[in-house]
1. Inspect all residues belonging to the range 120-134 and state whether any of them is at pLDDT below 90, in a helix (DSSP H, G or I) and over 21 Å from the mean Cα position of the chain (by Cα).
2. Is it the case that Glu105 is of a type in the set (Asp, Glu) and under 21 Å from Leu229 (Cβ atoms)?
3. Could you grab me the full set of residues in the range 218-238 that are within 20 Å of Val169 (Cα to Cα) and either assigned to a helix (DSSP H, G or I) or touching a Lys or Arg at 6+ places or on another chain (Cβ under 8 Å) (or both)?
4. From the list Val250, Val169, Val185, Val241, which residue is β-branched (Val, Ile, Thr), within 30 Å of Tyr272 (Cα to Cα) and surrounded by 17 or more Cβ atoms within 10 Å (Cβ to Cβ)?
5. Which condition breaks for Glu105 when tested against (1) over 26 Å from Val241 (Cα atoms); (2) buried (at least 18 other Cβ atoms within 10 Å of the Cβ); (3) touching a residue at least 24 places away in the same chain (Cβ under 8 Å)?
6. Test each condition in (1) in contact with a Pro (Cβ under 9 Å, 6 or more places away or on another chain); (2) surrounded by 15 or more Cβ atoms within 10 Å (Cβ to Cβ); (3) not small (Gly, Ala, Ser) for Met215 and report the one that comes out false.
7. Test Ala245 against the criterion of being at pLDDT below 90, among the small types (Gly, Ala, Ser) and farther than 19 Å from Gln53 by Cα, and give yes or no.
Amino acid sequence: MISAADDTPRTVLADGIERTAVFRFARHAGAIAGADLRKLARDPTELFTRAIQPLLWFLVFGQVFSRTRVIPTGSLSYLEFMAPGVLAQSVLFAAIFYGIAVIWERDLGIVHKLLVSPASRSSLVVGKAIAAGARGLVQGVIVISIALVMGVHVRTDPAGLLGVAAGVVLGSALFATFSLVVACVVKTRERFMGIGQVLTMPLFFASNAIYPISMMPPWLAAVARVNPLTYLVDALRTLLVVGAASVLGVPMDFVIMAAIFTLLVALAARLYPGLAR
């Protein structure tokens, strides 16, 4: 018969192994994220060039539709309603093409080296997602700065800003992981670029980014409800703009996005080794 005293060393050993595994996972994911972010630090021009598109959306699309007043936005001006959608669009467009960098790494032999390293497949995928989240934060600062200049009433309380940051990071990680899944399936840059361009516009327009779901025909509203961008926009609109209200509730938005992200990480980790073939 084993006493409680005899069982204690086993418990301590199991806890130590578990903590070591978690630490190892975090260390490997952090190393992958750090390598990607160092590339960005050496060439940050990509982030600034991506600020051109949000600026055009605010200056052209936002100004025109603000004058027409055909889109019901409640107590918000159309620019205020659209600003979180433009931020979500920037996150989507920057992250959805993240997989092409992985294809480049495959062609350069980097993926082969990563796959024979001690890092788990999941830590490789999560590391890429963390780097995408950091890129999204920089993009978010640029878009929010433009929104402030355009007169959007942005929340400045710490809770709201932290919530926006969390939403941007999670949204960037989600779509970057989705991009990685696509890269693992198509395996070539040419096919990836074509599929990426096909996916971005339907994801954007079949969401609540620039018009409410209540305006959509029933079939499009059904598509919007299974579109993860819809939940990102809903959370960002509530957390970013003064006076905005969530349709589903911010906690539910984050739960749904986190669930989709978890599923995509599991799928990408399973597919990732196939990219090297």
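The values are calculated or read from the model by the stated rules, or taken from the named source; none is laboratory data. Note that this is a predicted model, so its numbers are computed, not measured. Methodologically, a virtual Cβ is constructed for each residue, glycine included, from the backbone with ideal geometry; neighbour enumeration extends over all protein chains shown.
1. No, that holds for no residue.
2. Details: of a type in the set (Asp, Glu): yes; under 21 Å from Leu229 (Cβ atoms): no.
Spelling it out, it is not the case that Glu105 is of a type in the set (Asp, Glu) and under 21 Å from Leu229 (Cβ atoms).
3. Once the filter is applied, which keeps residues that are within 20 Å of Val169 (Cα to Cα) and either assigned to a helix (DSSP H, G or I) or touching a Lys or Arg at 6+ places or on another chain (Cβ under 8 Å) (or both), the range 218-238 yields Pro228, Leu229, Thr230, Tyr231, Leu232, Val233, Asp234, Ala235, Leu236, Arg237, Thr238.
4. So the residue among Val250, Val169, Val185, Val241 that is β-branched (Val, Ile, Thr), within 30 Å of Tyr272 (Cα to Cα) and surrounded by 17 or more Cβ atoms within 10 Å (Cβ to Cβ) is Val169.
5. The single condition Glu105 does not satisfy is (3).
6. Met215 satisfies every listed condition except (2).
7. Values: at pLDDT below 90: yes; among the small types (Gly, Ala, Ser): yes; farther than 19 Å from Gln53 by Cα: yes.
In short, yes.
Every residue, every condition in (1) under 20 Å from Val125 (Cα atoms); (2) of a type in the set (Lys, Arg), yes or no:
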residue	(1), (2)
Leu170	yes, no
Glu190	no, no
Leu220	no, no
Arg237	no, yes
Ser246	no, no
Leu264	yes, no
Tyr272	yes, no
